[in-house]
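Structure first, commentary second.
The values are calculated or read from the model by the stated rules, or taken from the named source; none is laboratory data. All figures in this text were calculated on a predicted structure; none of them were measured in a lab. Cβ: placed from backbone, ideal geometry, glycine included. Neighbour counts: every protein chain shown. Heavy atoms of the whole protein, side chains included, go into the accessibility calculation; ligands, DNA and RNA do not. Shrake-Rupley method; radii C 1.70, N 1.55, O 1.52, S 1.80 Å.
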Amino acid sequence: MASEKKYDPKITPWQVAEQDFPKDGASEEKFKFLLRYVILAPSGHNTRTWKFKLQPEGMLIYADYTRRLPVVNPDDRELVISTGAAIMNLRVAAAHFGYACDVQYHPKANTPELLASARLSESSQTDPELKKLFPSIVQRRTNRIEYEVRSLAEGELERLQKLTTGQKAAIRIVTDKTIQTSIAELISQGDHIQMSDPAFRQELASWVRSNWTRRGDGIAAYGFGIPGIISWMGPWFMRTFDLGKPQAKKDYQFAKEAASLIIVHGKGTKESLLEAGEMFERFVLTATSMGLQYAFLNQPMEVRNLRTRLQAILGLADWPQLLFRIGYAEPQKRAMPRRPLDAVLIEG
Ligand SMILES: Cc1cc2nc3c(=O)[nH]c(=O)nc-3n(C[C@H](O)[C@H](O)[C@H](O)COP(=O)(O)O)c2cc1C
């Protein structure tokens with residue numbers, strides 16, 4: 001790994017090479033290597049909201065509540081979901097390097113930060129479906145550009161459909177244009193409501209970085225399509241101006257014309273949210289392996305009465321937790337920053 005001095009958070013962590021796996025090393029060294037893939041998982045506003053403690057038989061997985069988003073997510077829902085996404089990366093990397101990965105959720109632990117633990121044991125028979133997703137870990141990106149207006153091929157929809165049933169969470173794939181239009185209306189209303197709230201803009205702006213950022217978290221402005229020198233002004237711009245109107249117009253079109261809208265839903269318990277995060281990540285890693293792009297349109301989940309209306313449109317008995325569009329587009333080449341692995345390790 002490049003020395004700390006040369007560490008570029010937008011490049012170095014993504015250059016992880018599987019031939020560097022320390023096959024003759026101690027177990028903890030090997031588990032630490034797996035974590036290099038785990039930290040490439042996505043998180044809300046790229047807050048990197050997890051911590052790990054290595055153990056002789058695996059690892060403990062913690063939420064980092066110092067990285068909360070109190071305005072957009074006062075109940076830490078997306079923080080727990082993001083940790084679920086990291087757990088899925090662990091399962092995939094473990095399967096690839098020949099480890100069975102037994103994950104236990106700890107929703108009622110005495111330490112509220114402790115969300116899960118993973119036991120890793122060498123195995124020659126790891127899940128082939130998970131193994132196939134390994135290359136997608138470094139290829140996956142949130143891609144917020146405009147997508148082509150075309151439907152998913154039939155075989156693709158069927159493949160994704162197999163990933164929609166969990167125990168405590170589930171995924172709904174919407175391809176009906178009338179339903180998509182109703183959801184698009186909620187999204188655009190969400191944009192107007194959120195962007196007119198100075199506290200929402202302030203929080204978002206505090207996680208937006210220039211395109212030359214050396215920080216290992218937050219969203220570099222190129223993620224929003226803000227180029228070059230203008231990106232220095234990105235946070236100020238977002239904090240100062242209510243961009244609800246143009247954003248609503250754009251998102252409405254994106255949602256209405258998307259090949260498909262995907263809704264991850266479940267109860268609000270920690271177990272259900274962790275599973276929702278795992279299912280989401282497996283879904284987008286699979287979509288990535290199929291050459292599909294995705295981007296979130298979570299606004300209706302983050303405004304209370306819009307969430308209830310989305311629930312009604314979909315006829316759900318539980319709660320919509322995540323909403324994103326998928327389709328075909330030019331891939332996003334530039335990756336978002338990641339903190340160095342040591343920053344998320346709990347020593348001792
Ligand atoms: C639970 C969760 C919620 C997210 N919500 C949004 C969102 O509402 N809008 C958005 O544009 N991106 C959203 N994102 C995407 C993150 O901003 C993105 O994952 C992060 O910036 C890292 O970029 P990457 O996914 O390309 O690695 C979300 C991601 C996660 C995991």
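Couple of notes before you dig in:
- Meets criteria (within 22 Å of residue 81 (Cβ to Cβ) and basic (Lys, Arg)) for residue 141: yes
- Test: residue in segment 59-70 that is closer than 22 Å to residue 133 by Cβ and out of contact with any Asp or Glu (no Cβ under 6 Å at 6 or more places or on another chain): yes
- Residue in segment 40-55 that is farthest from the ligand (Cβ to nearest atom), counting only those that are out of contact with any Ser or Thr (no Cβ under 8 Å at 6 or more places or on another chain) and hydrophobic (A, V, I, L, M, F, W, C): 54
- Long-range neighbours under 6 Å by Cβ, at least six apart or interchain, first residue small (Gly, Ala, Ser) within segment 131-147, second more than 14 Å from the ligand (Cβ to nearest atom) and open to solvent by 10 Å² or more (accessible area, probe 1.4 Å): 136/289
- Evaluation of residue 171 against (1) more than 16 Å from the ligand (Cβ to nearest atom); (2) in contact with a helix residue (DSSP H, G or I) (Cβ under 7 Å, 6 or more places away or on another chain); (3) not small (Gly, Ala, Ser) (one fails), failing number: (1)
- Filter result (open to solvent by less than 40 Å² (accessible area, probe 1.4 Å) and out of contact with any His (no Cβ under 8 Å at 6 or more places or on another chain)) within segment 108-122: 109, 118, 120
- Residue 247 fulfils the conditions (1) in contact with a helix residue (DSSP H, G or I) (Cβ under 9 Å, 6 or more places away or on another chain); (2) over 24 Å from residue 202 (Cβ atoms); (3) of a type in the set (S, T, N, Q) except for a single criterion, (2).
- Filtered by the rule that a residue be out of contact with any Asp or Glu (no Cβ under 6 Å at 6 or more places or on another chain) and open to solvent by 10 Å² or more (accessible area, probe 1.4 Å), segment 40-58 gives 42, 43, 45, 53, 55, 56, 57.
- Residue count for segment 73-102 under the criterion of being of a type in the set (A, V, I, L, M) and surrounded by fewer than 21 Cβ atoms within 10 Å (Cβ to Cβ): the result is 1.
- Residue selected from segment 141-163 under the condition buried (at least 16 other Cβ atoms within 10 Å of the Cβ) and more than 16 Å from the ligand (Cβ to nearest atom), by the criterion farthest from residue 285 (Cα to Cα): 152
- Pairs linking a residue in segment 285-307 that is part of a loop (DSSP other than H, G, I, E, B) to a residue that is of a type in the set (A, V, I, L, M, F, W, C), with Cβ atoms under 6 Å and 6 or more positions apart or on different chains, are 292/326; 297/187; 297/255; 297/323; 298/323; 303/193.
- Residues in segment 264-278 that are within 12 Å of the ligand (Cβ to nearest atom), part of a helix (DSSP H, G or I) and in contact with a Leu (Cβ under 8 Å, 6 or more places away or on another chain): 274, 276.
- Criterion (out of contact with any Asp or Glu (no Cβ under 6 Å at 6 or more places or on another chain) and closer than 17 Å to residue 85 by Cα) met by exactly one of 239, 304, 282, 309: 282
- Taking segment 298-314 as the range and being at pLDDT 95 or above, open to solvent by 60 Å² or more (accessible area, probe 1.4 Å) and either within 16 Å of the ligand (Cβ to nearest atom) or under 24 Å from residue 284 (Cα atoms) (or both) as the test, only 313 passes.
- Within segment 56-77, residues that are away from the ligand (no atom under 16 Å from the Cβ) reach partners that are open to solvent by less than 10 Å² (accessible area, probe 1.4 Å) with beta carbons closer than 6 Å, at six or more positions or on different chains, in the pairs 58/118; 59/31; 59/52; 59/118.
- Only listed residue being farther than 22 Å from residue 99 by Cα, within 20 Å of the chain's Cα centre (by Cα) and either modelled with pLDDT of 95 or more or among the β-branched types (Val, Ile, Thr) (or both), chosen from 151, 206, 136: 206
- Evaluation of residue 11 against the conditions (1) open to solvent by less than 60 Å² (accessible area, probe 1.4 Å); (2) within 25 Å of residue 140 (Cα to Cα) shows that the sole unmet condition is (1).
- The number of residues in segment 164-189 being crowded, with 16+ Cβ neighbours inside 10 Å and under 14 Å from residue 325 (Cβ atoms) comes to 10.
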